[in-house]
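Below you'll find the structure, written out as C-alpha cells, and then a few comments.
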Amino acid sequence: MSMLQNRFAMAAGLLATLAGASTVLAAGADIIYCDFGQGGASAVANFGSVGTGDAKVWGYAYASYTTNIGTAGLRWNVGGNNGGPVMAMNMFRLHGGKIEQIGMGFAKYACCVANGTACTLSGPAVCSTTGSAGLLRPGCTDSYTAGYNGGTSRLGPRSGVNAYSGVVAVVPSGTATDVTWRRVRVPEIDMRTTNFPGALYFIEGVFVCSDDAPAGNGENNATYRRVNVNQTTFAQSAAEAAQKTKPAIYAWRDYGGGISGSTPIADNSVVIRDVDVVNEGRFVAGAKVTDLGNGTWRYDYAINNINSHRSGANLLVPVGPGVTVTNVTFKDIDYHSGDPFNNTDWTSTVSASGVTWAGTQTFAQNPNGNALRWATMYNFSFIANSAPTTGDLQMGLFRPGAANDPNSVAITAMPIPSGLCPVCPADYNQDGGVTGDDIAVFFSDFEEGSGCADTNADGGITGDDVSAFFTAYETGGC
C-alpha cells in the first residue's frame, strides 16, 4: 500500500462516523465533504421546475459542511472572485438492480471561509484557533446552505476544472434562462415512483481543491446521502447518515438490498473496484450480474470518474468464445447550461471477443467530445447466454498523458461472461471457419485441462480427445 493509500485509508476509516477521535491525520491540506448541512429538508434546495408533462425538469442544490482533516491550512477562494475549492453536485437512482446518474449540476465555487465546528470530530474540539483568516484551518469546518450553494453567480462549468491538479478557471458571466440553469437538473420522470416503484435516490457532493489535490489528498472528496423525494412537490429531504468519503456508486452495494426501517441492506453481489490511472487520478468501477432464469444473465457495469482529468474514452468487456450478446445499452448524463462538452451517446460494438462502447470523437478530433469526466458516472449493460467468470475490463483514456504514460487502464477481477464450448469441435474458436487458429485454441484448452477440450465427451481430458478433434478437423466439419 502506498503512503497516499495508507493515509487515505486511515482518514476514511476514522471519519466514516466522525466519532471518537481528536487527531488530524492527513499530511498537508485534506478536505472532505462532511455532510449535507444539518440534513433533513435543509439538505436540498428546490428551485422549481421548467416544462410540462414528461418534459418537466427540476433544479436543485445541496447544503455543504466541509472539513479540513489535514495538517495544513487550506486556501479558500483561491485567486479571488469565486476561486477554488469547487463542489460538484449530482443525483442518482437505484432501481431494478442498477444505479444510474439522473442529475448533474455545475460546480459551486467558494467565496469566503468560516472556520467553524459544525462537523468536527466528536470529543475535544479539534478546530485550530490559529492561522490565517483566509484558510480553512486544520480540523475546522466551512458551511453553506443549500440555497446559497444554488446561487447561479457562484456556479461554474465543470469544463473549467482540472480535478486532478486542482486548477480552476473563474466562473464565467451569464444570464439564467430558467430556474434549473446551472443547478442540478433532474427530469421529473426519473423521480416518479409510478415509473420506478421502490426506487431509492441519492445525492452526492464532490470537492476539488487547489491545495489538497497537489498534496495527493484528492481521492476522498466525495460523499453521498440518501434522500426521499416528495411525489407532489418533488422536494427532497435527506435520510440516514451521510456516507462520508464515499462516492455514490457505493450506494449500489450499500443499499442494493433495500432498506429495513432506517437501516440499509447491502447487496454483496455488487463488485466495487478502485481504478487508479498511472501518474493521474482515480475511477471507481462497479458491476452486478443478474441471473434472468431463462439461460441468460444481465451484466450491468457502472464507472464513476472521481478525479481523473484524462477521463474515460471507451470500455471493453471481454466475452468468452461462443457467447451470444443481446440488449446492449449505454447511459450517460447530459451537460447543460452552456457547458461545452458534447452529449452524443457512446456507440456500442459486439464482436467475437467482447462488447465495446466508445465516444464518437477522439481528443484530437474534439477536446470537448463526450468522455467520462470527473464527478460523473456512466452505465453499460448487456444480456449474455453465459454465466459469469472473472476477468479484466479495459478502459481507454480520452486525454493524452505524459510521455510513456499508458493510454488505457485495466479494471481487474470483474465479472464477465464465460466462454461456451463449441458445438462443432472442428471450428474450435467458433469464428465460422476451420483454420489453424482452431488448432491453437484447442491445444491451449487441452493443456489447461479445460472441459471444452473433452471433444469425445467421455468425461476426461486425454489423448483420445486429440484424436477426436483432428478427425473432425480433417473432415472440415463436425
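Computed from backbone phi with θ = phi - 60° and the Karplus coefficients 6.51, -1.76 and 1.60, the 3J(HN,Hα) list for the range 371-380 is 10, 7, 9, 4, 6, 9, 10, 10, 10, 9 Hz; x is used for glycine and proline. Quick one: helix 463-475 against the long Cα principal axis of the chain, what's the angle to the nearest 10°, folded into 0 to 90? That helix lies at roughly 80 degrees to the long axis.
Express the Stokes-Einstein translational diffusion coefficient of the range 1-267 in µm² s⁻¹, to the nearest whole number, given a Kirkwood radius over alpha-carbon pairs, 4 °C and a viscosity of 1.567 mPa s.
Answer from the Stokes-Einstein relation: 69 µm²/s.
Taking the Cα centre of the chain as reference, the dipole from Cβ charges on Lys and Arg (+1) and Asp and Glu (-1) amounts to some 2700 debye.
Counting only Cβ charges, +1 for Lys and Arg and -1 for Asp and Glu, the dipole size of the range 436-475 around its Cα centre is about 40 debye.
Cβ crowding within 10 Å ranks CYS119, CYS424, CYS111 as CYS424, CYS111, CYS119, fewest other Cβ atoms first.
The relative contact order of the range 269-420 comes to 31 percent, based on Cα pairs under 8 Å that sit 6 or more residues apart. In order along the range 314-326, phi translates into HN-Hα couplings of 6, 9, 10, 10, x, 10, x, x, x, 7, 9, 10, 9 Hz, rounded to whole numbers, per the Karplus curve 6.51 cos²θ - 1.76 cosθ + 1.60 with θ = phi - 60° and x for Gly and Pro. Sequence-ordered 3J(HN,Hα) estimates for the range 197-213 from the Karplus curve with 6.51, -1.76 and 1.60 and θ = phi - 60° stand at x, x, 5, 10, 10, 9, 10, 9, x, 10, 9, 10, 10, 6, 10, 6, 5 Hz, glycine and proline given as x.
Arranged from fewest to most other beta-carbon atoms within 10 Å of their beta carbon, VAL278, VAL323, VAL227 become VAL278, VAL323, VAL227.
Answer rounded, prolate or oblate for the range 269-420, using the Cα gyration tensor with square roots of eigenvalues a ≥ b ≥ c: rounded when a/c is under 1.5, else prolate when a/b is larger than b/c, else oblate. Could the numbers behind the result be given before it?
Numbers: a/c = 1.92, a/b = 1.63, b/c = 1.18.
In terms of gyration-tensor shape, prolate.
Cα centroid separation, the range 383-461 to the range 211-254: 38 Å. When Rg and the Kirkwood radius Rh are both evaluated on Cα atoms of the chain, their ratio Rg/Rh stands at 1.04.
Three principal axis extents of the range 360-416 based on alpha-carbon atoms, in descending order, are 38, 24, 21 Å. With a ≥ b ≥ c the root eigenvalues of the C-alpha gyration tensor of the range 234-274, is it rounded (a/c under 1.5), prolate (a/b larger than b/c) or oblate? Taking the square roots of the gyration eigenvalues as a ≥ b ≥ c, the range 234-274 is oblate. Dividing the summed helix terms, -39500 (n - 2.57) for each DSSP H run of n ≥ 4, by the number of residues in the chain produces a 222 nm estimate of -3000 deg cm²/dmol to the nearest 500. Residues GLU448, GLU204, ranked from the fewest to the most other C-beta atoms within 10 Å, line up as GLU448, GLU204. Given +1 at the Cβ of Lys and Arg, -1 at the Cβ of Asp and Glu and no other charges, the dipole of the range 1-267 around its Cα centre is 180 debye to the nearest 20. Cα centroid separation, the range 275-329 to the range 108-173: 34 Å.
Separation of the alpha carbons by more than 28 angstrom is noted, of LYS108/LYS246; LYS56/LYS288; LYS246/LYS288; LYS56/LYS246, for LYS56/LYS288; LYS56/LYS246.
Rank ALA55, THR263, VAL186 by how far each Cα sits towards the positive end of the charge dipole of the range 1-267 (+1 on Lys, Arg Cβ; -1 on Asp, Glu Cβ) and give me just the farthest. Value: ALA55.
A P(r) calculated from all alpha carbon pairs of the range 413-478, with 5 Å bins opening at zero, reads 3, 20, 30, 25, 13, 5, 3, 1 percent. Scanning residues 5 or more positions from VAL167 or on other chains, those with amide H under 5 Å from its amide H are ASN162, with H placed 1.01 Å from N in the peptide plane.
All of the numbers you see were taken from the coordinates with simple rules; none came from a lab. Because the structure is a prediction, the values reported are computed rather than measured. All Cβ positions, glycine included, derive from the backbone under ideal geometry; neighbour counts span all protein chains shown.
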